[in-house]
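Working notes for the structure below.
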Amino acid sequence: MAALRYAGLDDTDSEDELPPGWEQRTTKDGWVYYANHTEEKTQWEHPKTGKRKRIAGDLPYGWEQETDENGQVFFVDHINRRTTYLDPRLAFTVDDNPTKPTARQRYDGSTTAMEILQGRDLSGKVVVVTGANSGIGFETAKSFALHGAHVILACRNMTRANEAVSRILGEWHKAKVEAMTLDLALLRSVQHFAQAFKAKNVSLHVLVCNAAVFGLPWTLTKDGLEATFQVNHLGHFYLVQLLQDVLCRSAPARVVVVSSESHRFTDINDSSGKLDFSRLSPSKNDYWAMLAYNRSKLCNILFSNELHRRLSPRGVTSNAVHPGNMMYSALHRGWWVYTLLFTLARPFTKSMKTSRRAALGRRLDLPGENKANIKADVRSMPAAGLGGSPGLFFLNPDRLRHCEEQKYQREEESEGPAAAFHQQGAATTVYCAVAPELEGLGGMYFNSCCRCLPSAEAQSEDTARALWALSERLLQGAPGGPPA
Ligand SMILES: NC(=O)c1ccc[n+]([C@@H]2O[C@H](COP(=O)([O-])OP(=O)(O)OC[C@H]3O[C@@H](n4cnc5c(N)ncnc54)[C@H](OP(=O)(O)O)[C@@H]3O)[C@@H](O)[C@H]2O)c1
């Protein structure tokens, strides 16, 4: 025996042999289980090896599987005219080794907005991005525009907004892009924007609530509210109120609210669990800029969730996003200490250089891409490189690659690496705005293009409803708002 075992020819499968009192059986769908007649119990695991097994393959020729009146499976051998409760395939069981799913997340923190939009043609879509003259908002707007969407940059400063429009047109002279005035710190301006937008008589497929202020000294707006709260939350709330009929008419439409992970470091309820207005719009003595920002970002998620609950039955979904950590932008300009912090954090935050190069490789080496897809991508090429003859590029991917390389080099030289950070910062917003797998889905929070759970407070439906009601009350009597 020892010699046989040594040679691998042992004729007993001692490991799999069942101890006395045990029997091996199968379920209808082929899972093996073990019955202990002494203890009158069953289990999935082999009593000795602890392994789970299932049977493999079809029944031998002439055999059939039946179920008796007690629901127990038995087997009929028609050739030899006998029945048995033992599955004839039990001799050929295989281990049930649950394998880890091999699915990989498609996008991550290094993905850029352009990569998300690769191959997408957004012609016919109308997109509004607030605070689109700089930073993440600018890259968001640019990415949509270079893929054919009609993009409206809703900005408070028209000089900066027009410069942003020119920069986008400089990249693709046919981009359908325009600037409109929107000052979220002034409810009348929000109303004027909504009126002017409606006068255009266009649809609204994507609304990106991106604009924000951070680190402001305590300031009251002309509407009598603390500025961070009004710009980051209430102004956007009002904007959506005024545009919701257009959104619903344009359904399926999506709202993306740019929040921040910093929403986790605060709460907006008092000790009794009630929404506390004095925390949202505090007096000068109770004001701390960082806290005000965090609270406004918590409001962003609560607002997005409640908006989704209310408008999704009408085809408008809403998701909130975190764009990335401490990305160097104009956001920190309120105080030199914040500027210093963002500068120190800069080497560790999202960087695009490597991913851009990688994206180039991926983007152009993909086999089977159709011309329409490439056409949308060609719009992201430098206008000079296109030479007015896109047809050439379909035939010559090397030339296309060269032009993209040049473009990225130029952009990094002219706009600095900040633009690169912001391309990554715009990715999650763009993902939520266009991902086909998110069609009809909302009320979620995304970070690095991946769904995450926000803080417990951000998930509270009660707080979201209370914030909605409070925001409506604050707007009573506002121009174009509900009557006081
Ligand atoms: N950068 C980060 O690390 C980071 C991290 C987490 C979340 N975020 C979020 O990402 C979004 C974009 O931030 P960013 O980093 O790109 O900052 P940014 O470059 O400062 O962009 C903010 C934009 O908001 C606009 N804005 C400010 N006040 C406004 C008002 N009253 N009305 C209309 N627009 C106004 C600004 O316009 P002006 O140029 O006229 O001021 C600017 O275009 C914000 O929601 C921010 O909270 C950023």
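Given (1) of a type in the set (Phe, Trp, Tyr); (2) touching a residue at least 24 places away in the same chain (Cβ under 8 Å); (3) away from the ligand (no atom under 16 Å from the Cβ), where does TYR293 come up short, assuming only one miss?
That leaves (3) as the condition not met.
Taking only the range 11-62 into account, find how many residues are free of Cβ contacts under 8 Å to residues at least 60 places away in the same chain, more than 15 Å from PHE92 (Cβ to Cβ), assigned to a strand (DSSP E or B) and not polar (S, T, N, Q).
Summing the residues that are free of Cβ contacts under 8 Å to residues at least 60 places away in the same chain, more than 15 Å from PHE92 (Cβ to Cβ), assigned to a strand (DSSP E or B) and not polar (S, T, N, Q) in the range 11-62 gives 6.
Hey, ARG254 hits all of (1) crowded, with 20+ Cβ neighbours inside 10 Å; (2) within 16 Å of the ligand (Cβ to nearest atom); (3) basic (Lys, Arg) but one; which does it fall short on?
(2)
For ALA161, state whether it is within 10 Å of the ligand (Cβ to nearest atom) and either surrounded by fewer than 24 Cβ atoms within 10 Å (Cβ to Cβ) or closer than 24 Å to VAL240 by Cα (or both).
Against the criterion (within 10 Å of the ligand (Cβ to nearest atom) and either surrounded by fewer than 24 Cβ atoms within 10 Å (Cβ to Cβ) or closer than 24 Å to VAL240 by Cα (or both)), ALA161 qualifies.
Search the range 180-200 for residues being of a type in the set (D, E, K, R) and within 14 Å of the ligand (Cβ to nearest atom), and hand back the single one that is farthest from the chain's Cα centre (by Cα).
ARG188
For the range 145-158, name all the residues that are in a helix (DSSP H, G or I) and more than 15 Å from the ligand (Cβ to nearest atom).
ALA145, LEU146
Is it the case that SER283 is within 12 Å of the ligand (Cβ to nearest atom) and either in contact with a strand residue (DSSP E or B) (Cβ under 6 Å, 6 or more places away or on another chain) or more than 18 Å from GLU472 (Cβ to Cβ) (or both)?
No.
How many residues are more than 16 Å from the ligand (Cβ to nearest atom) and not hydroxyl-bearing (Ser, Thr, Tyr) when one looks only at the range 107-144?
Of the residues in the range 107-144, 13 are more than 16 Å from the ligand (Cβ to nearest atom) and not hydroxyl-bearing (Ser, Thr, Tyr).
Would you mind finding the one in GLY224, GLY235 that is modelled with pLDDT of 95 or more, farther than 27 Å from LEU122 by Cα and either in contact with a Gly (Cβ under 8 Å, 6 or more places away or on another chain) or within 12 Å of the ligand (Cβ to nearest atom) (or both)?
Matching residue, one of GLY224, GLY235: GLY235.
Name the residue, out of VAL177, VAL213, that is within 26 Å of the chain's Cα centre (by Cα) and in a strand (DSSP E or B).
Numbers: VAL213 fails: in a strand (DSSP E or B).
When all the criteria are applied, what remains is VAL177.
The values are calculated or read from the model by the stated rules, or taken from the named source; none is laboratory data. Values in this document were obtained by computation on a predicted structure and should not be read as measured data. Counting neighbours? That spans all protein chains shown, and the Cβs are built from the backbone with ideal geometry, glycine included.
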